[in-house]
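Remarks on the structure that follows.
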Amino acid sequence: MFRNVENRLGWSVSFILAILVLFPLAAVMIQVLLPGVFFGEWQLGNLSLLLDVFHRPLWQKSLENSVVLAVGTTALGTLLGGMLAMIRSTWQFPTAKLLDAAVWVLLICPSFILSQGWVMFSSQSGFAAQLLGWEWVPAAVFQPAGLIVIMALSKFPLAYLSVHAAMEWKVDMLSDAAKLCGASAFRVWRTVQAPLLLPAFLAGAALVFMDTIGDFGLPASISAVYRFPTLPYSIYTAIYTSPIRFDMAGVLSFYLVLLIAFAMLLQFYAMRRSRYDFLSARAVPSVPKSAGRFGLVLMLLNIAFLLVVIGIPIGGNVLMSLFETQSAGLSLDNLTLAHYSSLFDGRQELLVGLRRSLLISGSAAVIGLIVGMLVSYVLTFSSFRFKRWIEVFSLVTLAVPGVVLGIGYIFVWNQKWLEPLGLLLYGKPAILVLAAIAGAIPVITRIMVGAMAKVPRSLLDAAQLQGGSLFGRMRLILAPLVRGALLSAALAAFGSSVFDLAVNSILFPPNYMTLPVSINKAFEDLNFGYASAATVMGGGIVIGIILILELVFRRKGRNLSV
């Protein structure tokens, strides 16, 4: 009986994930083969369109730009993140914790906001040229190599966290054996330590590649000053230009998914060729040692690095929000709060968009938390035979770009036969909530699986033998034990959903502007001061809400435990 209950839960979870993730992704692929099937036209698609990507100038350029940007960013970002993680795990130096904080800031902050800061710093009338006199910066940044550097400075945290986590434990006997054979310190690192970190580097590289090639924020932000079409941005323009090109969107989405699948298969192939299980009973926690006389050098280099990766994108937005005009430079006469006051003038479009984004993200966080907890329970405690497929489905939205998922939602939820059922969601705010839930589930699941893994199955079995129902066990036993993870997962899902530009740009209903769409629209209209003020105020409000909720619920949890 117990197994039957868990099997029913497994099938229910599978059905929910199929609706949220599998059906939209499959719809994009079907659109390539049967381009009119979702609009009542049963005809075989022109498969030659798949080859047109190598002949049509825009399609070809979008594919080339995406590949160049992703490969270059993967190489540079993985190298940078890996080296920083190794330095941070090996040596202790002043300001080291600031590097950890910067990594999380870059992970949480949306790419289009980071890109806006870089644009305001690097454009012809930007801070670099106006305040510092660096006339060479625009030409250096607005070219493929410059964009690769910008993306690497934004995406390296993915590789950093992967390698840093892998260096949590160390087995010194391997390095000691190499030293006894006469190997130098560098050779020990090259032949022993670095190869053992290969899985972490590969995982970090895969994450950087997938996040870069599906990134919509960079091309959306730089389009105001530099034309650099990529696959995600060209998919977006295919939907929001006249005439609408669903065939183009389907073909470009196909190649985008194909590139991501290739990256994942390459990683799996490399991982299966060798064994890397080197931890033994002699493994000890890795504790950074003092950098000694090099501590000051590392501190200065770290500060300089943080001024670039945090100071330019975040500081650029803050400065631009306070400058009356960008060209007047840094002076008291040029400082103003007019851009902030304009947020409250007229129609107050931004405040309306903020309220809508908070409502969508809050709903997605609550519903996603429920679904994510059910998914995590199946993955951790059930014997459901297809739970590995559930794990794959729950991670798909981490790999599939938001623009592709948005296109799939259009195909799935824009069907006439859904209207009598009240499920014709395209053009309604509900579709944004569904897409936000799909994007939140991977984040929630990863956090909850880690927390549930620490809960002994015997506690749930004991309650089960006493007649406790499945949901009773989850509510009365499991939830209190993972209360902290539930809060962290909900807040992480909430924060990541508010500024999801890709999905919001694809799916926002007519006259239903959300916060990220409002900010990006102002930026595209070259209204940099307004866009920056909206970014700072909106981001500040979201961070404030997260901090208040965390404070309230953490304190409530402590009171309940007492």
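Every number in this text was worked out from the coordinates using simple rules, so none of it is lab data. These figures come from a predicted structure and were not determined experimentally. For neighbour counting, all protein chains shown are included, and Cβ atoms are generated from backbone atoms with ideal geometry for every residue, glycine included.
Ranked from highest to lowest mean number of other Cβ atoms within 10 Å per residue, what is the order of the peptides 532-541, 387-396?
Working: 532-541: 21.9, 387-396: 17.6.
The densest-packed peptide leads the list: 532-541, 387-396.
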**Request:** Calculate the spin-label point distance for Val352 paired with Gln415, positioning each point 7 Å from the Cα along the beta-carbon direction, and give it in nanometres.
**Result:** 3.3 nm
**Prompt:** If each of Asp333 and Gln124 carries a label point 7 Å out from its Cα toward its Cβ, how far apart are those two points in nm?
**Reply:** 2.5 nm
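Measure up Lys97/Lys289; Lys416/Lys521; Lys387/Lys428; Lys387/Lys454 against 23 Å on the Cα-Cα distance and list the ones that go over.
Numbers: Lys97/Lys289 14 Å; Lys416/Lys521 31 Å; Lys387/Lys428 33 Å; Lys387/Lys454 19 Å.
From the list (Lys97/Lys289; Lys416/Lys521; Lys387/Lys428; Lys387/Lys454), the Cα-Cα distance tops 23 Å for Lys416/Lys521; Lys387/Lys428.
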**Message:** If each residue of separation counts as 0.36 nm, what is the full-extension length gain between Thr90 and Ser342 once their alpha-carbon separation is subtracted?
**Reply:** 85.8 nm
**Asked** Gain in length, Leu198 to Leu359, computed as 0.36 nm per residue apart minus the alpha-carbon separation, to one decimal in nm?
**Response** 53.7 nm
**Label-point separation, Leu465 to Ile548 (7 Å along Cα→Cβ), nm** = 4.8 nm
**Highest to lowest packing among 470-478, 153-161, scored as the average C-beta count within 10 Å** = 153-161, 470-478
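For a quick protection proxy, order the peptides 4-11, 513-520 by their average other-Cβ count within 10 Å, most packed first.
Working: 4-11: 15.5, 513-520: 25.2.
So the order, starting with the most tightly packed, is 513-520, 4-11.
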